[in-house]
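> The structure is given below, and queries will be raised subsequently.
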Amino acid sequence: MTSANLFPGVKVILVETSHPGNIGAAARAMKNMGLTELVLVNPLDFPNMKAVFRSASAVDVVRGARVVATVEEAIADCQLVIGTSARERRIPWPLLSPRECGEKVVTAFEGQQKVGLLFGRESRGLKNEELQQCQFHVNIPTGEAYSSLNLAMAVQVICYEVLQAKHAGNKDSGRSKQEWDLPFADSAAVEYFYDHLEATLIQVGFHDPENPRQLMTRLRRLFNRVRIDRMEVNILRGFLTAINKLGKPGEPQEAQEPQEPQEPQEPQEPQEKG
Ligand code: SAH
């Protein structure tokens, strides 16, 4: 029997969906395209038989859906997170077309990375804070008069592109299987790093939490662009800890360091000389 899940480790994450029918229709759209890992963040009305009815023969996807309380929990183990958005945001993020999104997902999947595809609420999409936890945004081009697709239709378009990219990649023997020599840091480790960075910027008097402006957003965008790996995130956190030990300017005392993440230990960075 052929497996329904052609993309183990690639999950579709629906955030605070209001209508259970949309959950069922999204599950069907996923299964049609070979994706079965569905995560529901705080759904408003689930479980509900409307989800089952709308899923047709993808009832297994609905019944297998994992329900979590927060986006952070849903993406914690993901090394690539792509958020979908119908609107342009104030601080633009690296933007992909649906086709490029499909290619990124398949390349990441082939490199054994865990991937999260984030879809927003029917009423108001994804919040800025949620979109800022993504490395990329994807926008489905539409006619000018109406840019907001039904949630399940948006899931259909993105999953279709993922499957098409896999088919195209299978023909293309030159596709690189390995994007990088070390695993990319997962979302949980990167979030700990941002917390640590923010605390340290406050400690040294560079960042005023009472007047944050867009500092942390811009720094998130900077680090997102390079996609830090596990070793790099540990180096950066070690560097921040060294700064923490210096204390506040003019007041030498140790700053409170955010909790260590539950990260596997990385090998020591070799001491390079010369
Ligand atoms: N009214 C909301 C749109 C919600 S549509 C807003 O203005 O943001 C529900 C979800 O479907 C969106 O959060 C997004 O995940 C997806 N979606 C809808 N239209 C899309 C588009 N043109 N491009 C990418 N994703 C889209």
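The values are calculated or read from the model by the stated rules, or taken from the named source; none is laboratory data. A quick note: this is a predicted structure, and the numbers were derived from the prediction, not measured. Ideal geometry is used to build each Cβ from the backbone, glycine not excepted, and the neighbour counts take in all protein chains shown.
> If we keep just the residues of the stretch 97-115 that are within 14 Å of the chain's Cα centre (by Cα) and either within 13 Å of the ligand (Cβ to nearest atom) or touching a residue at least 60 places away in the same chain (Cβ under 8 Å) (or both), which is surrounded by the most Cβ atoms within 10 Å (Cβ to Cβ)?
Filtering the stretch 97-115 for residues that are within 14 Å of the chain's Cα centre (by Cα) and either within 13 Å of the ligand (Cβ to nearest atom) or touching a residue at least 60 places away in the same chain (Cβ under 8 Å) (or both), the one surrounded by the most Cβ atoms within 10 Å (Cβ to Cβ) comes out as Val105.
> Further, regarding this structure: Which of the numbered conditions does Trp93 fail, given that it passes all the others? Conditions: (1) touching a strand residue (DSSP E or B) at 6+ places or on another chain (Cβ under 7 Å); (2) modelled with pLDDT under 95; (3) under 24 Å from Leu182 (Cα atoms).
Of the numbered conditions (1) touching a strand residue (DSSP E or B) at 6+ places or on another chain (Cβ under 7 Å); (2) modelled with pLDDT under 95; (3) under 24 Å from Leu182 (Cα atoms), the odd one out for Trp93 is (3).
> Of all residues in the stretch 122-140, how many are within 7 Å of the ligand (Cβ to nearest atom) and either surrounded by fewer than 16 Cβ atoms within 10 Å (Cβ to Cβ) or among the small types (Gly, Ala, Ser) (or both)?
So the count comes out to 3.
> Something else now. Quick check: is even one residue across the stretch 99-113 under 28 Å from Met216 (Cβ atoms) and in contact with a Ser or Thr (Cβ under 6 Å, 6 or more places away or on another chain)?
So far as the stretch 99-113 goes, no, none of its residues is under 28 Å from Met216 (Cβ atoms) and in contact with a Ser or Thr (Cβ under 6 Å, 6 or more places away or on another chain).
> In the stretch 155-168, which residue that is surrounded by fewer than 23 Cβ atoms within 10 Å (Cβ to Cβ) and within 16 Å of the ligand (Cβ to nearest atom) is farthest from Ser85 (Cα to Cα)?
Tyr160
> In this structure, is Asp186 outside the structural domain of Cys78 (by TED's automatic domain parsing) and farther than 28 Å from Leu6 by Cβ?
No; evaluated as a whole, the condition is false for this residue.
> Any residue that is of a type in the set (Val, Ile, Thr) and under 21 Å from Gln164 (Cβ atoms) - is there at least one of those in the stretch 90-103?
No; the residues of the stretch 90-103 include none that is of a type in the set (Val, Ile, Thr) and under 21 Å from Gln164 (Cβ atoms).
> Which residue, of Val106, Val67, is touching a Lys or Arg at 6+ places or on another chain (Cβ under 7 Å) and modelled with pLDDT of 95 or more?
Val106
> In the list Phe53, Phe46, which residue meets the criterion of being more than 20 Å from Val115 (Cα to Cα), in a helix (DSSP H, G or I), among the aromatic types (Phe, Trp, Tyr) and in the same structural domain as Ala154 (by TED's automatic domain parsing)?
Of Phe53, Phe46, the one residue that is more than 20 Å from Val115 (Cα to Cα), in a helix (DSSP H, G or I), among the aromatic types (Phe, Trp, Tyr) and in the same structural domain as Ala154 (by TED's automatic domain parsing) is Phe53.
> Can you tell me which of Leu149, Leu118 is surrounded by 21 or more Cβ atoms within 10 Å (Cβ to Cβ) and either basic (Lys, Arg) or near the ligand (Cβ under 9 Å from one of its atoms) (or both)?
One residue alone meets the criteria, Leu118.
> Here is a further query. What is the number of the single condition among (1) at pLDDT below 95; (2) farther than 21 Å from Lys11 by Cα that Asn224 does not meet?
Evaluating Asn224 over (1) at pLDDT below 95; (2) farther than 21 Å from Lys11 by Cα leaves (2) as the failure.
> With the requirement that a residue be within 16 Å of the ligand (Cβ to nearest atom) and either crowded, with 21+ Cβ neighbours inside 10 Å or not assigned by TED's automatic domain parsing to the domain that holds Val157 (or both), what does the stretch 79-92 give you?
Passing the criteria: Val81, Ile82, Gly83, Thr84, Ser85.
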